[in-house]
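Engineer: Got a structure here, written out as structure tokens. Questions coming.
The values are calculated or read from the model by the stated rules, or taken from the named source; none is laboratory data. What you are looking at is a predicted structure, and each value in this text was computed from that prediction instead of being measured. As a convention, Cβ positions derive from the backbone with ideal geometry for all residues, glycine included, and neighbour counts pool all protein chains shown. With ligands, DNA and RNA removed, areas are computed over all heavy atoms of the protein, side chains included. Shrake-Rupley method; radii C 1.70, N 1.55, O 1.52, S 1.80 Å.
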Amino acid sequence: MDGTCGWGGHSDALLARFPALRVVAIDRDARAVAAGTERLARHGDRAVVAHGRFGDWPRLLHGMGLERAAGLLLDLGVSSPQLDVAERGFSFAREGPLDMRMDDSSGPTVHELLHATPESDLADILWRLGEERLSRRIARGIKQALADGAMRTTLDLARVCRDAYPRGHHRIDPATRTFQALRMALNDELGELERALDGCQTHLASPGVVAVISFHSLEDRIVKQRFRHWQATESGRILKPEFVTADESERQANPRSRSAKLRVFLWGQSPPAVDPADKYRSRRHRQGHGNR
């Protein structure tokens, strides 16, 4: 299961690498479904692309008459094609409508969310999902701009965020965290992740693989904690090292990979046996008695 098909890059690479593999790829974005279907057509009936939420992957799998998947891959967050199309409203660098829906054919837009959400709740969203330290100031500015009729496009929203910051006191664009938080709230991205991981317990084969690429500390924390819980309850083991990041050549070729973390869990694989002497040495090291 490729829960975040996007434009089909991961599924295409997996199908090319493993000739016996079949992939069911899912995406909420109808444009991604069309693009993914076209890209994966060369693999014939080994690839199926479905329109839906990755949190619903067990139901979609069951609807195809399949019981369990050998693996689940999730590449979280917004895709590059979505960011690069101004009309989707994800980018604070390009003027577009205040949309930000992963599935732009249904549901409220972020403009409607801003209108419907009280100022205090809006500030909480910016703080919790964007870790925005000026969340209350930005929320106040957003509500004022809405009241003045000056909140119509992504550039209007970005301007409110930038006006909230003193000049020269920021390392990244001041709109970054606000856009991220609003997108995550509108699309319930953390909830989707939790539901997708829940499905592994009933619909992932044993042995099986769960691989998650995250770009945000909150997403990564959910994955890390869930993997550690699964290992503690002997559902499988975490692949070592605990996470993988892009090397320098990949970061140069794809700057958006800089914040990516890949974590992999081997479902149904017992944790490797630990020598009692190793456990003793590790405990001594943590207490400050080792490596003298």
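Engineer: Which residues' amide hydrogens lie under 5 Å from the amide hydrogen of Ala25, considering only partners 5 or more residues apart or on another chain, with H built in the peptide plane?
Structural biologist: It is Asp2, Val48, Val49, Ala50, by chain and number.
Engineer: Here is a further query. Is any residue of the stretch 80-119 close enough, with backbone N under 15 Å, to a label point placed 7 angstrom from the Cα of Asp156 along the Cα-Cβ axis, and if so, which?
Structural biologist: Hits in the stretch 80-119 for Asp156 at 15 Å: 89, 95-100, 109-116.
Engineer: R0 = 45 Å: FRET efficiency of Ala20 with Glu131, Cβ-based, nearest 0.05?
Structural biologist: 0.55
Engineer: Antiparallel as a % of all DSSP beta bridges within the chain, to the nearest 5?
Structural biologist: Taking every DSSP beta bridge within the chain, about 50 percent pair in antiparallel fashion.
Engineer: What is the Cα coordinate range of the stretch 145-222 on the first, second and third principal axes, sorted by size from largest, in whole angstrom?
Structural biologist: Extents along the principal axes, in whole Å: 56, 28, 14.
Engineer: Still on this structure, please answer the following. If you take the beta carbon distance between Glu95 and Asp198 as r and set R0 to 45 Å, what does 1/(1 + (r/R0)^6) give as a FRET efficiency, to the nearest 0.05?
Structural biologist: Approximately 0.70, to the nearest 0.05.
Engineer: Lys pairs in the chain, Cα-Cα under 30 Å, at least 8 apart or on separate chains: how many?
Structural biologist: Lysine pairs meeting the criterion: 6.
Engineer: Looking at the stretch 151-260, which GluC sites (Glu not before Pro) are DSSP coil and have at most 11 other C-beta atoms within 10 Å of their C-beta?
Structural biologist: Hits after loop and neighbour filter: Glu234.
Engineer: Multiply the residue separation of Asp148 and Ala34 by 0.36 nm, subtract the distance between their alpha-carbon atoms, and state the gained length in nm to one decimal.
Structural biologist: Once the chain is fully extended between Asp148 and Ala34, it gains 37.1 nm.
Engineer: For the stretch 1-52, calculate the relative contact order in percent as a whole number, restricting contacts to Cα pairs under 8 Å that are 6 or more residues apart.
Structural biologist: Computed over the stretch 1-52, the figure is 42 percent.
Engineer: Using a 1.4 Å probe on the protein heavy atoms only, what accessible surface does Leu113 show? Give it in Å² to the nearest 10.
Structural biologist: Roughly 40 Å² of Leu113 is accessible to a 1.4 Å probe.
Engineer: In the chain, what percent of the accessible surface is made up of carbon and sulfur (1.4 Å probe, ligands and nucleic acids excluded)?
Structural biologist: 51
Engineer: Once you have the Cα-Cα distance between Asp163 and Asp121, take 0.36 nm times their residue separation minus that, and quote the gain in nm to one decimal.
Structural biologist: Value of the extension gain: 13.1 nm.
Engineer: Additional query: Mind sorting out which of (1) 0.99; (2) 1.13; (3) 1.08 is the real Cα Rg over 2.2 N^0.38 Å computed from the coordinates?
Structural biologist: (2)
Engineer: Continuing with this model, one more query. Pairs of alpha-carbon atoms within less than 8 angstrom and 6+ residues apart define the contacts here; what relative contact order does the stretch 92-163 have, in percent?
Structural biologist: For the stretch 92-163, the relative contact order is 38 percent.
Engineer: Roughly how many nanometres apart are two label points built 7 Å out from the Cα toward the Cβ at Glu234 and Ala253?
Structural biologist: Here the modelled spin labels are 4.3 nm apart.
Engineer: Which of the peptides 201-207, 62-68, 259-265, 1-7 is most tightly packed, and how do the rest follow, going by the mean number of other Cβ atoms within 10 Å of each residue?
Structural biologist: Going by the mean number of other Cβ atoms within 10 Å, highest first, we get 1-7, 259-265, 201-207, 62-68.
Engineer: Follow-up. Sequence gap at least 6, Cα distance under 8 Å: using those rules, report the relative contact order of the stretch 28-176 to the nearest whole percent.
Structural biologist: Once normalised by length, the contact order is 17 percent.
Engineer: Here is a further query. Per residue, what accessible area does the stretch 83-163 have, given a 1.4 Å probe and all protein chains present, in Å²?
Structural biologist: 50
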